[in-house]
1. Taking the stated definitions as given, is SER72 surrounded by fewer than 15 Cβ atoms within 10 Å (Cβ to Cβ) and closer than 23 Å to ILE196 by Cβ?
2. Checking the conditions here, which among SER20, SER31, SER10, SER60 is open to solvent by 20 Å² or more (accessible area, probe 1.4 Å) and either closer than 19 Å to THR198 by Cα or within 16 Å of the ligand (Cβ to nearest atom) (or both)?
3. Any residue at all in segment 129-140 that is within 22 Å of ILE161 (Cα to Cα), open to solvent by less than 60 Å² (accessible area, probe 1.4 Å), among the hydrophobic types (A, V, I, L, M, F, W, C) and modelled with pLDDT under 95?
4. Within segment 34-52, which residues are of a type in the set (D, E, K, R) and either surrounded by fewer than 15 Cβ atoms within 10 Å (Cβ to Cβ) or more than 8 Å from the ligand (Cβ to nearest atom) (or both)?
5. Any residue in segment 155-177 that is on the phi > 0 side of the Ramachandran plot sitting within a Cβ distance under 9 Å of a residue that is part of a strand (DSSP E or B) and among the β-branched types (Val, Ile, Thr)? List the pairs, counting only those 6 or more apart or interchain.
6. Counting only residues that are out of contact with any helix residue (DSSP H, G or I) (no Cβ under 8 Å at 6 or more places or on another chain) and in contact (Cβ under 8 Å) with a residue 60 or more places away in the chain, which one in segment 75-101 is surrounded by the most Cβ atoms within 10 Å (Cβ to Cβ)?
7. Can you give me the number of residues within segment 41-91 that are small (Gly, Ala, Ser), part of a loop (DSSP other than H, G, I, E, B) and over 19 Å from the mean Cα position of the chain (by Cα)?
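The values are calculated or read from the model by the stated rules, or taken from the named source; none is laboratory data. Keep in mind that what you see is a predicted model, and the values were worked out from it rather than measured. Note: ideal-geometry Cβ built from the backbone for every residue, glycine included; neighbour counts use all protein chains shown. Calculation scope for accessible area: heavy atoms of the full protein, side chains included, ligands and nucleic acids excluded. Shrake-Rupley method; radii C 1.70, N 1.55, O 1.52, S 1.80 Å.
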Amino acid sequence: MIEAEKLKKSYNENVVLDISSIKIRESQIVSICGPSGAGKTTLLSVLGTLVKADNHKEQSLKILNQDINKMSLNHLAKFRNKHLGFIFQFHELLDEFNVIENIIIPSLIANKEKKMLLKKATEILKILNIVDLKFNNPKNISGGEKQRVAVARSLINSPSIIFADEPSGNLDAKNADELHKLFFRLRDEFGQTFIIVTHNEKLSKISDKVLKLVDGKIQAG
Ligand code: ADP
């Protein structure tokens, strides 16, 4: 599903990520843990194809058997929109749009038909238990609900892999547990893979795989 070899990322000649090899299989919940500044967000962004790794000849990144380094920018943007979903800590919902409109935005970008999308978004909202909120403005719903809407938005294109950067970092313990349960349910029901930067020990303990980063390197173990 994801195979990476010799991934390095430097900023101003400072190496912040130095990974020899990563393999992530289908239907896995993978936690990326480690202290602040260890390179977690950088790793998530490189694996999520949002940030390019340093260019050197041994480096390789394959996602869904496709060589990311061989794609043009245009092809990569389409690949990302179709196969990858993203959830951020601060959900990034747009207050100018209601909940269901926020959810279908990534699909409108992919030129899909609006009526079909509204139906699909409604189905997703039902699964996430927030269908009653569909015409609400994001300003008027709680933090836990906003994060569920962000999850719904990440699912609209039925991505194979969902990347999440501290998705529960801003939630209380109960809402965090609920969100994590939802990830496992989606893994079980739809076979999706989740790659999650988290400080939440409860989540990393029950994950299928943990990548522990220290100073940009994965620690054995
Ligand atoms: P973490 O997510 O574990 O807190 P990050 O991946 O955000 O760590 O950052 C790792 C290191 O890379 C830090 O030292 C950070 O300052 C540096 N860094 C991250 N992004 C940039 C950037 N765009 N420009 C320069 N330095 C960066």
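1. Working: surrounded by fewer than 15 Cβ atoms within 10 Å (Cβ to Cβ): yes; closer than 23 Å to ILE196 by Cβ: no.
Taking the combined requirement at face value, the residue does not satisfy it.
2. Going through SER20, SER31, SER10, SER60 in turn, the sole match is SER10.
3. no
4. LYS52
5. Pairs that qualify, where the first residue is on the phi > 0 side of the Ramachandran plot and the partner is part of a strand (DSSP E or B) and among the β-branched types (Val, Ile, Thr), are GLU166/ILE196; GLU166/VAL197.
6. It comes out as LEU84.
7. Number of matching residues: 1.
Here's the yes/no breakdown for (1) farther than 17 Å from ILE195 by Cα; (2) under 10 Å from the mean Cα position of the chain (by Cα); (3) assigned to a loop (DSSP other than H, G, I, E, B):
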residue	(1), (2), (3)
ASN136	yes, no, yes
LYS139	yes, no, no
GLN147	no, no, no
ASN170	yes, no, yes
